[in-house]
1. Which of the following residues is crowded, with 16+ Cβ neighbours inside 10 Å and farther than 20 Å from ALA95 by Cα: ALA28, ALA36, ALA75?
2. How many of the residues in the range 71-92 are touching a residue at least 12 places away in the same chain (Cβ under 8 Å) and under 14 Å from ASN35 (Cα atoms)?
3. Given (1) modelled with pLDDT of 95 or more; (2) exposed (fewer than 14 other Cβ atoms within 10 Å of the Cβ); (3) over 13 Å from GLU6 (Cβ atoms), identify the lone condition not met by GLY51.
4. Are any residues in the range 9-28 within 15 Å of TRP52 (Cβ to Cβ) and under 15 Å from the mean Cα position of the chain (by Cα), and if so, which ones?
5. Could you list all residues from the range 12-58 that are in contact with a Gly (Cβ under 9 Å, 6 or more places away or on another chain) and under 17 Å from GLN99 (Cβ atoms)?
6. Quickly run through the range 59-70 and pick out the residues that are in contact (Cβ under 8 Å) with a residue 60 or more places away in the chain and surrounded by fewer than 19 Cβ atoms within 10 Å (Cβ to Cβ).
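The values are calculated or read from the model by the stated rules, or taken from the named source; none is laboratory data. Nothing here was measured: the structure is a model prediction, and the numbers come from that model. Virtual Cβ from ideal backbone geometry, glycine too; neighbours counted across all protein chains shown.
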Amino acid sequence: MKYCIEFTFGAGFDKDQRIITISQRDGALEFIKRNAVELFDGYTMFSTAGGWKSPDGRIVEEAGYVLRVLTLTPAIDAFGWSASVMAMSDCIKYALSQQCVCVTASQVACDML
């Protein structure tokens, strides 16, 4: 059995609600992709759009991404999220100055046919 892990994150604003420029975003995405290959041997990434409520009550909409990886290593162990999941989440937060990253994981039947 394999595990599908998805990291969903915004790339329009940083944690202080400052706009992330295109060149900042592009550099951060390259850094994130390199780390995904190091940690999981590969990735799939696609663009998303979403919204959230700011501390002052405004609805903020921004572009974002989903980084999907497949692994044989369980995403959760006896101590919580695995070290590789935490490392990837920290990498994304660092690269884009994000407060948090949404992480989902599920067991999947998957093979390269």
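1. Details: ALA28 fails: farther than 20 Å from ALA95 by Cα; ALA36 fails: farther than 20 Å from ALA95 by Cα.
Answer to the selection: ALA75.
2. Keep residues of the range 71-92 that are touching a residue at least 12 places away in the same chain (Cβ under 8 Å), which gives 71-76, 81, 84-85, 87-89, 91-92.
Narrowing the set further to residues that are under 14 Å from ASN35 (Cα atoms) leaves 84-85, 87-89, 91-92.
Residues that pass the stated criteria total 7.
3. With respect to (1) modelled with pLDDT of 95 or more; (2) exposed (fewer than 14 other Cβ atoms within 10 Å of the Cβ); (3) over 13 Å from GLU6 (Cβ atoms), GLY51 is out only on (1).
4. PHE9, GLY10, ALA11, GLY12, PHE13, ASP14, LYS15
5. Here is the first cut: in the range 12-58, the ones in contact with a Gly (Cβ under 9 Å, 6 or more places away or on another chain) are 12, 19-20, 25, 36, 47-50, 52.
Listed by number, the residues that qualify are GLY12, ILE19, ILE20, ARG25, GLY50, TRP52.
6. Our first condition is that a residue be in contact (Cβ under 8 Å) with a residue 60 or more places away in the chain; within the range 59-70, this holds for 66-70.
Of everything in the range 59-70, those that are in contact (Cβ under 8 Å) with a residue 60 or more places away in the chain and surrounded by fewer than 19 Cβ atoms within 10 Å (Cβ to Cβ) turn out to be VAL66, ARG68, LEU70.
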